[in-house]
Amino acid sequence: MTAPQPDPIDGAEMPLPPAIYPLICVGGAYFLDKYLPLEPPLFLTAEPAINGQLAVATLITALLIISWAIRSLRSEKTTLLPHRAVTRLVVSGPFQYSRNPMYLGFSLLLLAMFFSTLNLWLALLLPLNVGLLQYYVIVPEEQYLAQYFQPAYDGYRSRVRRWL
């Protein structure tokens with residue numbers, strides 16, 4: 001599905017690149033943990049090996065989802081950067097299950113860091129990460145895609161969930 005060729009820098013308008021929002025949450029979590037540490041629940045500290053296994057499994061899942069999304073975008077010869085103009089609506093690969101697999105992967109990276117460090121702030125700031133991505137990245141990106149790929153984007157949006 002191709003669209004009219006927009007200006008190469010004419011993409012979704014967003015204040016910051018998408019990867020910045022998880023970094024804000026990570027920085028906030030480590031700052032808060034230093035000055036206002038929270039004890040993780042006992043069930044998480046009882047068996048440390050399980051946390052390590054959960055961290056590795058979540059990290060691998062996140063990296064696989066992100067790399068699959070990148071491969072899918074590259075195979076369709078469109079940009080990875082949402083503030084740049086896209087040339088195609090990608091609906092294959094992980095995009096057939098989630099409209100935002102890379103952002104899902106970013107959120108899973110935060111969860112993996114939580115399992116690895118047991119910094120409870122990482123888990124508590126995870127909804128903030130989702131909210132920031134949704135409000136500042138996903139909504140503008142969806143408006144942009146709806147503008148350039150009507151009616152195909154409406155059909156895609158009705159078939160595939162935003163996150164999972």
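Below are the figures for this structure:
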quantity: Karplus (6.51, -1.76, 1.60) ³J(HN,Hα), θ = phi - 60°, over region 31-40, in Hz, Gly and Pro reported as x; calculated: 5, 4, 5, 6, 9, 8, x, 10, 7, x
quantity: Fewest-first ranking of VAL56, VAL91, using other Cβ atoms within 10 Å as the exposure measure; calculated: VAL56, VAL91
quantity: Efficiency of FRET from Cβ geometry, LEU42 and LEU124, R₀ 22 Å, rounded to 0.05; calculated: 0.80
quantity: Over the chain: helical MRE at 222 nm, DSSP H runs n ≥ 4 each giving -39500 (n - 2.57), nearest 500; calculated: -18000 deg cm²/dmol
quantity: Region 93-164-region 17-48 distance, computed between alpha-carbon centres (Å); calculated: 20
quantity: Gaussian network model of the chain, Cα within-10 Å springs - most flexible of LEU128, LEU110, LEU38; calculated: LEU38
quantity: Cα principal axis extents for region 20-142, largest first, Å; calculated: 49, 27, 17
quantity: Long-range Cα-Cα pairs in region 107-149 (distance over 14 Å), rounded percent; calculated: 56
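Bear in mind that the values in this text are calculations on the coordinates, not laboratory data. Computed from a predicted structure; not experimentally measured. Note that we place each Cβ from the backbone using ideal geometry, even for glycine, and neighbour counts take in every protein chain shown.
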